[in-house]
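Undergrad: One structure coming up, written as C-alpha cells, with questions to follow.
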Amino acid sequence: MDTLGSRAEPGRVAADVRGSCLVETAGEPPSAAPDRSRWGRLHVLDWIAIALAVVGLACVLTGLLPRADAEATVRRIVPILIFLGTVVVLAELTAVAGVFDALAARVAITARGSFPALFWLCVGFASLTTVALNLDTTAVLLTPVMIALARRLGVPPTPLAMTTVWLANTASLLLPVSNLTNILASDRIGLDPLPWAARMWWPQLVAIVITMVLLWWWYWRPARAGADPFVPPPPHVPADRWLYRTALVACLLFVGGILAGVEIGLASGVAAAILVAGFAVRARDSLSVALVPWRLLVFVTGLFLVVQTIGRHGLDTVMGALIGGDPGAQGALRAGAVGALFANVVNNLPAYVAGEAVIATDHHTQLLALLVGTNVGPLATPWASLATLIWYERCRAAGVAVPLGRFVATSAALAALATTATVAALLVGP
C-alpha cells in the first residue's frame, strides 16, 4: 500500500529476490534504482506530504479549523493510520520474501504458453491482490513484477501494466481493506467485512467484467499477434524458503482475520509482527526504519485536515449542490458521477471525504454510490488516485512508455462506463 511511503533499500534477501526484477524491468544496473533509504534526499512526493501536513497544522493554529473538529478527525483516522503503517510493512516484506514473484511465475506457467489464458490469470492475480491487500499494494508491488514477467516472456509489457492499474482501482470495492475509502465508508454505515462483501459483490463483479472487456479489446487483443504462444518461465525459487513460508502464513492470517471481523489494525499489526520477527531471525539487514511509510501517514493526516477545512469554507456547499439529497436512484447516480469527476480533478481520497460530508447519515445507498465513483472512477488522470500516480511513475522508471493521450482516452471511457454500470448494479443488485 505504500504509495507515499519511502521504501527501504533491500538487504541481502531482497537483493536476491528483487534485484533481478529491477534489472530486467528497467534495463539498468541496480545502482540506477532510487535509493529510498536515504532520508536526507526527499522525493517530490515527500515534499507534497510535508506541505499538506504543514498546511493542515496551520489551519488548526489559525482557527480556520476549530481544534475540537481537528481532534475528532485525528481520533477517527488513528485506526486507519495504524492499519496503513502495519499493512505496508507486511506487503513490503512479503515482496522481499518472494511471494509475489513466485505467484507471477506460477501465473505464467499455469497459462501454458497461451496468451488468452495469461490474460485471465493476470486479471485474477491483480484482482485478488487488490481485494485482499488493497489497491496500493497492487500498484506498488505488482507493477514491477508484471513488467518483468512480460519481458521474461517476450510479450509487450503495456497490456500487463494496464491490467495492473485498471484493476487496482476497479477491483477495490469488495472488502473494507481493499481501499482506504472503503474503511471510511464501512465505519460510517457500520458494516463488518462479510456484510459489506454481501452488499458489494455484485457491483464489484460488474466493475471487473467491464474492465476485462475493455482491457482485452484495447490492449491485449492488439498485442496478441506474435505473442501467442509464448515460452513459460521456470518456477521461481525463493532465496529463503523459511521466510517465504512465514510470509505466506502472515498474509493468510491477515486475510483470515479481516474476514473473521477482527479490527483491521489488529489483524495487520499481528501479521506484520510475525513477519518482522521472521526477518529479525533470518535476514535482519532487510529490516529498516524506512519500511515505515512515514510519507503516507503524514500525507493522509494532512489531507484530512485540509479537506475538512476547505469543506467548512465552501466545498461542502458545492458538493451538496452537485450531489443533492435524493436517497433514490437519481441521488445515487449523481453521487457516483460527482465522486468520479472530483477524483479525477483532485484525487479520490479528498473527493470521497468531501462528498461524505454532505450525504445524510441514513442514505447508505447514496454513500456507496459515491464510493463507487471514487474507487472505480479515478482513472482518467495519473493523479486521480495514489495507486494510479505511483503506477505511472514506476512504468516510466521501468522504461515502459505509456502514451498519455491513449491512457487518458481509454481510462476516461472505462471510468465513465464502469462507474455508471456499477452504480446501476448497486441499485438493482441482489
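Undergrad: What is the extension gain from ARG396 to LEU61, computed as 0.36 nm multiplied by their sequence separation minus the C-alpha to C-alpha distance, in nm to one decimal?
TA: 116.6 nm
Undergrad: On full extension of the chain, what length is gained from ASP228 through LEU266, given 0.36 nm per residue of separation minus the C-alpha to C-alpha distance?
TA: Between ASP228 and LEU266, full extension yields an extra 9.1 nm.
Undergrad: Another question about this same structure. In whole percent, how big is the carbon plus sulfur part of the accessible area of the stretch 91-188, probe 1.4 Å, protein atoms only?
TA: The value for the stretch 91-188 is 64 percent carbon and sulfur by accessible area.
Undergrad: While we're here: Take the alpha-carbon centre of the stretch 352-412, take the same for the stretch 57-125, and report the distance between them in whole Å.
TA: 15
Undergrad: Can you give the helix-only mean residue ellipticity at 222 nm for the chain, where every DSSP H stretch with n ≥ 4 adds -39500 (n - 2.57) and the sum goes over all residues, rounded to the nearest 500 deg cm²/dmol?
TA: -22500 deg cm²/dmol
Undergrad: Which percent of Cα pairs goes in each bin when the distances of the stretch 301-388 are cut into 5 angstrom slices starting at zero?
TA: Distribution as computed: 3, 18, 27, 24, 19, 7, 1 percent.
Undergrad: With the other protein chains left in place, how much accessible area per residue, in square angstrom, belongs to the chain at a 1.4 angstrom probe?
TA: Normalised by residue count, the accessible surface of the chain is 39 Å².
Undergrad: In whole Å, what are the Cα extents of the chain along the three principal axes, biggest one first?
TA: Largest to smallest, the principal-axis extents are 57, 44, 40 Å.
Undergrad: Under the 0.36 nm per residue contour assumption, what length would be gained going from the current alpha-carbon distance of ARG245 and TRP217 to full extension?
TA: 6.3 nm
Undergrad: I've got another one for you. Taking the Cα atoms of the stretch 186-250, what is the range of coordinates along each of the three principal axes, in descending order and whole Å?
TA: In descending order, the Cα extents are 49, 42, 15 Å.
Undergrad: Next up: Would you mind pulling out the separation of the Cα centroids of the stretch 193-213 and the stretch 249-328, in Å?
TA: First find each Cα centre; the distance between them is then 21 Å.
Undergrad: What number does the stretch 153-302 give for Rg over Rh if you use C-alpha atoms and the Kirkwood radius?
TA: On the Cα set of the stretch 153-302, Rg over Rh gives 1.03.
Undergrad: Averaging sequence separations of C-alpha pairs under 8 Å and six or more residues apart, then dividing by the length of the stretch 322-407, give the relative contact order as a whole percent.
TA: Taking the mean separation of contacting Cα pairs over the length of the stretch 322-407, I get 30 percent.
Undergrad: One quarter of the convex hull surface, Cα atoms only: what value does that give for the stretch 155-196 in nm²?
TA: Mean projected area of the Cα convex hull: 3.3 nm².
Undergrad: Please work out whether the stretch 365-415 counts as rounded, prolate or oblate from its C-alpha gyration tensor, where a ≥ b ≥ c are the square roots of the eigenvalues and a/c under 1.5 means rounded, while otherwise a/b larger than b/c means prolate and anything else oblate?
TA: On the way: a/c = 4.39, a/b = 1.99, b/c = 2.20.
Oblate, since a/c reaches 1.5 and b/c is not below a/b.
Undergrad: Please compute one quarter of the surface area of the Cα convex hull for the stretch 271-430 and express it in square nanometres.
TA: Mean projected area for the stretch 271-430: 12.7 nm², to one decimal.
The values are calculated or read from the model by the stated rules, or taken from the named source; none is laboratory data. Given the structure is predicted, the values throughout are model-derived calculations rather than measurements. Surface areas here come from the heavy atoms of the whole protein model, side chains and all, with no ligands, DNA or RNA. Shrake-Rupley method; radii C 1.70, N 1.55, O 1.52, S 1.80 Å.
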